[in-house]
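Trainee: Mind looking over this structure? Questions follow.
What follows draws every value from the coordinates through simple rules; no lab data is involved. Being a predicted model, the structure only gives us computed values, none of them experimental. All Cβ positions, even for glycine, are placed from backbone atoms using ideal geometry, and neighbour counts span all protein chains on display.
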Amino acid sequence: MISNNYSPQPIDTSEINIPEDLLPLMEQIARNVHEVWAKGRIDNGWTYGAERNDAEKKHPCLVDYDELPESEKVYDRNTARETLCLILKLGWKLEK
């Protein structure tokens, strides 16, 4: 039996500011987050549909990143932002 006592405790990255020169990287990560998600869906038999339909495996976000509604891009950018903030919080340095 699975217990539902799980309490997420992400590392607090609220004090981390992403340097301006990393913002293009953040957008590239966001774009890739979408690509990974979309590939996983397509690999599992999902196709584009104007409305989400789990039974028919249709999803309106199975489009190129540039065609996503801004609200969906924000979701991917938040994932990218949190990833970069965690990397910086843990003391890693990013160089090109």
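Trainee: Out of all the residues in the range 26-54, which are without any contact (Cβ under 8 Å) to a residue 12 or more places away in the chain, outside any loop (DSSP other than H, G, I, E, B) and in contact with a strand residue (DSSP E or B) (Cβ under 9 Å, 6 or more places away or on another chain)?
Mentor: Scanning the range 26-54 gives a single hit, N53.
Matching residues to (1) within 26 Å of M26 (Cα to Cα); (2) out of contact with any Gly (no Cβ under 7 Å at 6 or more places or on another chain); (3) of a type in the set (A, V, I, L, M); (4) surrounded by 14 or more Cβ atoms within 10 Å (Cβ to Cβ):
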residue	(1), (2), (3), (4)
E51	no, yes, no, no
K58	no, no, no, yes
P69	yes, yes, no, no
R77	yes, yes, no, yes
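Trainee: Report, by residue number, each residue of the range 6-24 that is under 18 Å from L90 (Cα atoms) and in a helix (DSSP H, G or I).
Mentor: Just the residues of the range 6-24 that are under 18 Å from L90 (Cα atoms), to begin with: 9-19, 22.
Listed by number, the list holds a single entry, L22.
Trainee: C61 is checked against (1) within 22 Å of T83 (Cβ to Cβ); (2) free of Cβ contacts under 8 Å to residues at least 12 places away in the same chain and fails just one. What number does that condition carry?
Mentor: (2)
Trainee: May I ask you to verify whether L23 is of a type in the set (A, V, I, L, M, F, W, C), free of Cβ contacts under 8 Å to residues at least 40 places away in the same chain and surrounded by 10 or more Cβ atoms within 10 Å (Cβ to Cβ)?
Mentor: Considered against the rule, which asks whether it is of a type in the set (A, V, I, L, M, F, W, C), free of Cβ contacts under 8 Å to residues at least 40 places away in the same chain and surrounded by 10 or more Cβ atoms within 10 Å (Cβ to Cβ), L23 comes out as yes.
Trainee: Sticking with this one: Being over 15 Å from the mean Cα position of the chain (by Cα) and closer than 12 Å to L25 by Cβ is the filter here, so list the residues in the range 79-96 that pass it.
Mentor: I87, L88, L94, E95, K96
Trainee: If I ask for residues that are in contact with a strand residue (DSSP E or B) (Cβ under 7 Å, 6 or more places away or on another chain) and assigned to a helix (DSSP H, G or I), which ones from the range 55-96 would you list?
Mentor: None; the set is empty.
Trainee: Looking only at the range 32-49, which residues are surrounded by 14 or more Cβ atoms within 10 Å (Cβ to Cβ) and of a type in the set (D, E, K, R)?
Mentor: Within the range 32-49, R41 is the sole residue that qualifies.
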